[in-house]
Amino acid sequence: MINFSILISSSEVSGPGGLFDINATLPLVAIQFLLLMILLNVILYNPLLTIIEERKEYILTNLSEASEILAEANKLTTQYEQELEDVRKQAQLEITKSQKIHKEILEVEVNISQKYIDNLLDTITKDLFAKKEIALNNLDEIVQSLATDIEARLAI
């Protein structure tokens, strides 16, 4: 402890040149500080700030262009989706119309074919009835001639 008190008492400075001695060095240090500050501002900070500002503007313009392009792309996508939906509806209507037309054509052709088949069956049936009548008449004549032959032979 005694050593500390001797050390503290011996470190006291008497006279000028203490901790805050204001003489000609303070204005020199202030001038040096201001000169370095101006020099750094001109050489380093201003070019760096201009480059940063230019990059900021570049990024902002690119972002605005990208957002405009994205908005236009979304608009085109919506437009094309709407057109695609319209085309799908039209195609579905065309398919439905085509199916209806083909169904009607098929019904007409079936009706025509049915009438033709009915007429053909009527003709064949009439022809068969006519041939049956002719065959029955011929058979009746043959039976009559056979009956007369049998009677003639039995009468002998």
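General remarks:
- Filter result for LEU106 (in a helix (DSSP H, G or I), within 44 Å of the chain's Cα centre (by Cα) and not hydroxyl-bearing (Ser, Thr, Tyr)): yes
- Within region 87-102, the set of residues being open to solvent by 100 Å² or more (accessible area, probe 1.4 Å) and among the aliphatic types (A, V, I, L, M) comprises LEU93 only.
- Residue in region 47-64 that is among the small types (Gly, Ala, Ser), part of a helix (DSSP H, G or I) and modelled with pLDDT of 95 or more present: yes
The values are calculated or read from the model by the stated rules, or taken from the named source; none is laboratory data. Please read all numbers here as calculations on a predicted model, not as lab measurements. Remember, those area values only see protein heavy atoms, side chains included, never the ligands or the DNA or RNA. Shrake-Rupley method; radii C 1.70, N 1.55, O 1.52, S 1.80 Å.
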